[in-house]
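The structure appears right after this line, and notes come after that.
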Amino acid sequence: MHVPRVAVIGSGGCDNEVATEAEALGAGIAALGAELVCGGRGGVMAAACRGAQGAGGRTIGILPDGEREAANAWIDVPVATGLGPARNALVPLNGDVVVAIRGGAGTLTELGFAAIYGHPVIGLGTHDLPSVQPARDVEHALELVRKALREQGFEA
């Protein structure tokens, strides 16, 4: 079985409060032994990656650009797609579990793809959709991630 992956989705720009949540989430994902997958850019993505790397985790960024150099500084494995916003289909596809933090239209498209793929989705203050299991806070989100990974046969 492969190393579990958790996709973190959210806005490319965020305030300090959201960045703090995303960073704590990233650290928690690393502590679970999972790789963090995201869109590889700024905002929620960069904060989550910073947290994951700080906790010794591995990060994968699926970039909309054609250049790997466009990745944020905390991406270990940049994947250049050249697909623009169509890459939003690939981020949730590569997560065994998806966690959404806030987010706008791009996050909404990723949530739609996660539902199509049948991947568990946990939300922190994000879009209210039937496919999204809401979490009270980061700690609760990590409990839900751990549970979803275990249900898939991972040791988290």
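The values are calculated or read from the model by the stated rules, or taken from the named source; none is laboratory data. All values reported here derive from a predicted model rather than from experimental measurement. Virtual Cβ from ideal backbone geometry, glycine too; neighbours counted across all protein chains shown.
Brief remarks follow.
- Check on Glu110, more than 12 Å from the chain's Cα centre (by Cα) and among the acidic types (Asp, Glu): no
- Apart from one condition, Gly61 fits all of (1) over 15 Å from Ala141 (Cα atoms); (2) part of a helix (DSSP H, G or I); the exception is (2).
Yes/no per residue for (1) under 14 Å from Val99 (Cβ atoms); (2) part of a loop (DSSP other than H, G, I, E, B); (3) at pLDDT 95 or above:
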{"residue": "Ala7", "(1), (2), (3)": "yes, no, yes"}
{"residue": "Glu17", "(1), (2), (3)": "no, no, yes"}
{"residue": "Ala24", "(1), (2), (3)": "yes, no, yes"}
{"residue": "Arg41", "(1), (2), (3)": "no, yes, yes"}
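- Residue match in segment 44-57 (condition: under 16 Å from Ala148 (Cα atoms) and touching a residue at least 24 places away in the same chain (Cβ under 8 Å)): no
- Close pairs from segment 15-27: first free of Cβ contacts under 8 Å to residues at least 60 places away in the same chain and over 16 Å from Gly56 (Cα atoms), partner among the hydrophobic types (A, V, I, L, M, F, W, C) and surrounded by 20 or more Cβ atoms within 10 Å (Cβ to Cβ), Cβ under 7 Å, at least 6 apart: Ala19/Ala47
- Across segment 93-118, the qualifying residues are those that are touching a residue at least 40 places away in the same chain (Cβ under 8 Å), outside any helix (DSSP H, G or I) and not hydrophobic (A, V, I, L, M, F, W, C), and the one among them that is surrounded by the fewest Cβ atoms within 10 Å (Cβ to Cβ) is Gly104.
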